[in-house]
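Visitor: A single structure is presented below for examination.
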Amino acid sequence: MLYSEKVMDHFSNPRNVGEIENADGIGEVGNAKCGDIMKMYLKIDDGVITDVKFKTFGCGAAIATSSIATEMVKGKTIDEALKLTNKAVVEALDGLPPVKLHCSVLAEQAMKSALSDYYRRQGIDPVPIVGEIGECEACH
Amino acid sequence: MEKRFVYADNSATTKISKSVLDAMMPYLTEAYGNPSSIYKLGRDSKRAIENAREKCAAALGCTPSEIYFTGGGSESDNWAVTGTARKLAASGKKHIITTAVEHHAILHTCAALEKEGFEVTYLPVDSEGKISLTELENAIRPDTALVSIMYANNEIGVINPISEIGKICRKKGVLFHTDAVQAVGNVPINVVEQSIDMLSLSGHKIHAQKGVGILYIRKGVNLPNLINGGGQERSKRAGTENVPAIVGLGVALENAVSDIPGKIEKVSKMRDKLIDGLLKIERTRLNGSRTDRLCGNVNISVEGVEGESLLLSLDLKGICASSGSACTSGSLDPSHVLLALGLPHEVAHGSLRLSISDETTDEDIDYILEVVPEVVERLRAMSPLWERIKKGE
């Protein structure tokens, strides 16, 4: 598996690992059977993501994509975070091997899942804003 | 402990030994003659090959004319299985018996033959990775062409009762092939005493170079040619011989069988220390039989951790190992061997194989035992699956 230096950097020194107590939104995607679970925690103040943490069970790419995704949304508005795409995650990591692209999809979905949870806690239906969060295609 | 380089993946490949390289060197430089040429330069190459063949025959207990040099273990496996199948199909024998835990060189060859109309029985294994001899005997039918069962498993190191299997096959009049790629040099082998009709081995697992191997074919077993062309390898595998590789393999195989009991004693001690030490980590398990096991094989499952991230973390610490996780195979399913043992997917994803050799030192073992628990702790601390396991969910 040929990983970029960026991937190895985020794998060996992952940013924002952990949990947030009293998080405003928590999202979890993936499953143990497929070998990947990503969990994202968000702290949101006035529509701005002031803190973000993650926990991931998975391969090197899964850990690196979660780590960089948290970096990419930290300090950003919800609107900006909603624009996070798996493509942007891959680009930020200087690419991923083709068989690992599903990890970037998982990172995007984990973020969206946490944002959906945030809206749900506000009593707002997240679907019109965040959209449906599909299952990872690779897992089927 | 200071960071060090520890190669613990000898089941993947091994380092070429100095005596092997020294023996090869002349044939990579000045002794470049084609073994089929008539002049002295050619004759010298021919003699070198035949000398290697004699060494290999002595190591396996057969005659030199039963040794065929190939391009490696996979090629030997393909030739043995496909060759036998094609040959015996003419007499209506279109059934093959193998096991669920073979190397892909056997399994994918069998799958290809199934598409051609052959029927394949895949013997299951128990939770320790062992097949049942009764099940084997019952699976043999009048139309069975071949039984192909590995000598020792490449992932979990389980050693099969090859002599008993050989006896059953001989009694039933069925040809028996064994993939001995992992076993050679780790268990005493004698193809005659063990009633083996065909045996595959690979050079690079025993400190020779990559891309060379052997198929032993017992005299009287007439396989179709693998490659048509010139008269090399009794016309069965044509093409100018890879002289340096074959010369190296001869020396490597001679070395590998020179002191098997001594190797087993030395290496299994280190292996046992490694197994006992690693099993102290909570929620780990040993995969494969503890007793019928290659002296250098360790395979454990570490719950809550994924195999590839474990390997990458170990690599950062200088340790080379391998895993049966899906992510390291490029497919989405974890190792077929671990699943055949009955392991759940999530446990199979977290497997770690360490394969040591007689070049491994006690310091290497201590270093591994220091590093693995640290790495596991770091990964578990960020694993939501581990969190769930701890909560008992």
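Visitor: How big is the charge dipole of the protein assembly as shown about its Cα centre, in debye rounded to the nearest 20, if each Lys and Arg gets +1 on its Cβ and each Asp and Glu gets -1 on its Cβ?
Guide: Numbers: 60 positive and 71 negative charges, 368 e Å.
Roughly 1760 debye, rounded to the nearest 20.
Visitor: Within chain A, which DSSP H helices have Cα atoms that stretch 15 Å or more along the helix axis and a mean Kyte-Doolittle hydropathy of at least 0.0? Spell out each step's value before the answer.
Guide: Working: long enough: A:60-73 (20 Å, 1.10); A:101-121 (31 Å, -0.30).
Helices meeting the span and hydropathy rule in chain A are A:60-73.
Visitor: Same structure, new question: Considering the options B:255, A:14, B:190, tell which one lies farthest towards the positive end of the dipole of the protein assembly as shown, charges being +1 on Lys and Arg and -1 on Asp and Glu at the Cβ, about the Cα centre.
Guide: Farthest towards the positive pole: B:190.
Visitor: Which of A:111, A:40, A:72 ends up with the largest GNM mean-square fluctuation for chain A, with Cα atoms connected below 10 Å?
Guide: A:72
Visitor: What list of whole percents do you get for P(r) of chain B, with Cα-Cα distances grouped in 20 Å bins up to the one holding the largest distance?
Guide: The calculated distribution, bin by bin, is 27, 54, 18, 1.
Visitor: Taking the Cα atoms of the protein assembly as shown alone, what are Rg (to one decimal) and Dmax (as a whole number) in Å?
Guide: Spelled out, the Cα radius of gyration and Dmax of the protein assembly as shown are 26.7, 91 Å.
Visitor: Can you give the average number of partner chain beta-carbon atoms within 10 Å of each beta-carbon in peptide A:4-17, as a whole number?
Guide: Numbers: counts 0, 0, 0, 1, 3, 0, 0, 5, 5, 0, 2, 0, 0, 3.
The shielding value for this peptide is 1.
Visitor: List the pairs from A:39/B:317; B:130/B:205; A:87/B:280; B:115/B:171; A:6/B:18; B:269/B:317 whose alpha-carbon separation is above 32 Å, in the order I gave them. Can you show the working numbers first?
Guide: Details: A:39/B:317 27 Å; B:130/B:205 23 Å; A:87/B:280 42 Å; B:115/B:171 30 Å; A:6/B:18 38 Å; B:269/B:317 24 Å.
Distance filter (> 32 Å) returns A:87/B:280; A:6/B:18.
Visitor: Further, regarding this structure: Let me confirm one metric for peptide A:27-37, namely the mean number of other chain beta-carbon atoms within 10 Å of its residues' beta-carbons.
Guide: Values: counts 0, 1, 0, 2, 3, 14, 9, 8, 16, 5, 8.
Neighbouring Cβ atoms belonging to other protein chains average 6 per residue here.
Visitor: If you don't mind, another one. Comparing B:352, B:343, B:215, which has the greatest mean-square fluctuation in the GNM of chain B with Cα pairs linked when under 10 Å apart?
Guide: With Cα springs under 10 Å in chain B, the top fluctuation among B:352, B:343, B:215 is at B:343.
Visitor: I've got another one for you. DSSP loop GluC sites (Glu not before Pro) in region A:5-49 with at most 16 other Cβ atoms within 10 Å of their Cβ, which ones? Display every interim value, and only then the final one.
Guide: Details: sites: A:5, A:19, A:21, A:28; in loops: A:19, A:21.
Filter output for region A:5-49: A:19, A:21.
Visitor: To the nearest 10 degrees, how steep is helix B:18-28 against the longest Cα principal axis of chain B, on a 0 to 90 scale?
Guide: 40
Visitor: Given contacts defined as C-alpha pairs under 8 Å and at least six residues apart, what's the relative contact order of region B:143-231, whole-number percent? Walk me through the numbers on the way to the answer.
Guide: Details: 124 pairs, mean separation 20.7, N = 89.
Contact order relative to length: 23 percent.
Visitor: Okay, moving on. Over region A:5-121, what is the mean sequence separation of C-alpha contacts under 8 Å (at least six apart), divided by residue count, expressed as relative contact order in percent?
Guide: 32
Visitor: Could you pull out every one of the aspartates and glutamates with an alpha carbon less than 13 Å from that of residue B:40, ignoring same-chain neighbours closer than 8 positions?
Guide: Counting by Cα, and skipping residues close in sequence, residue B:40 has these aspartates and glutamates nearby: B:30.
Visitor: Ok, one more. Let me know the charge dipole size of region A:5-121 about its Cα centre in debye, to the nearest 20, where only the beta-carbon of Lys, Arg (+1) and Asp, Glu (-1) is charged. It would help to have the intermediate numbers written out before the result.
Guide: On the way: 15 positive and 17 negative charges, 61 e Å.
Its charge dipole is roughly 300 debye.
Visitor: Rounding to the nearest 10 and keeping the result within 0 to 90°, find how far the Cα-based axis of helix B:307-316 lies from the longest principal axis of chain B.
Guide: Helix B:307-316 sits at roughly 90 degrees to that axis.
Visitor: Using only helices, what value at 222 nm comes out for the protein assembly as shown when you add -39,500 (n - 2.57) per DSSP H run of length 4 or more and divide by the total residues, to the nearest 500 deg cm²/dmol?
Guide: On the way: 20 runs with 222 residues, N = 533.
The per-residue figure over the protein assembly as shown is -12500 deg cm²/dmol.
Visitor: Tell me, what is the percent relative contact order of chain B, built from C-alpha pairs under 8 Å that lie six or more residues apart?
Guide: Working: 770 pairs, mean separation 85.2, N = 393.
Averaging sequence separation for qualifying contacts and normalising by length gives 22 percent for chain B.
Visitor: For region B:34-75 and region B:235-252, compute the distance between their C-alpha centroids and round to whole Å.
Guide: Each part reduced to its Cα centre gives a spacing of 6 Å.
Visitor: What is the mean number of Cβ atoms from other protein chains located within 10 Å of the Cβ atom of each residue in peptide B:42-53, rounded to a whole number? Let's see the in-between values first.
Guide: Numbers: counts 0, 0, 0, 0, 0, 0, 0, 0, 0, 0, 0, 0.
Counting Cβ atoms of other protein chains within 10 Å of each residue's Cβ and averaging gives 0.
Visitor: Among DSSP beta bridges whose residues both lie in chain B, state the antiparallel percentage, nearest 5.
Guide: Working: 20 of 39 bridges.
Antiparallel bridges: around 50 percent, rounded to the nearest 5.
Visitor: What list of whole percents do you get for P(r) of region B:1-123, with Cα-Cα distances grouped in 5 Å bins up to the one holding the largest distance?
Guide: Spelled out per bin, shortest first, that is 2, 8, 12, 13, 14, 14, 12, 11, 9, 5, 1, 0, 0.
Visitor: Taking the alpha-carbon centroid of each part, what is the distance from region B:105-146 to region B:161-222 in angstrom?
Guide: Each part's Cα centre sits 17 Å from the other's.
Visitor: Would you mind finding the longest exposed-site-free stretch of chain B, with exposed trypsin sites (Lys or Arg not before Pro) meaning DSSP loop and at most 11 other Cβ atoms within 10 Å? Can you show the working numbers first?
Guide: Details: sites that count: B:3, B:219, B:280, B:290.
With trypsin sites (Lys or Arg not before Pro) excluded where exposed in loops, chain B gives B:4-218 as its longest stretch.
Visitor: By a straight-distance test (C-alpha under 15 Å), which aspartates and glutamates pair with residue A:74 as possible cross-link partners, with residues fewer than eight away in the same chain excluded?
Guide: In chain and number order, the partners are A:19, A:24, A:45, A:46, A:51, A:108.
No lab work stands behind these numbers, since they all come straight from the coordinates. Everything quoted here is computed from the prediction, not taken from an experiment. FYI the Cβ positions are ideal-geometry reconstructions off the backbone, even for glycines, and counts take in every protein chain you see.
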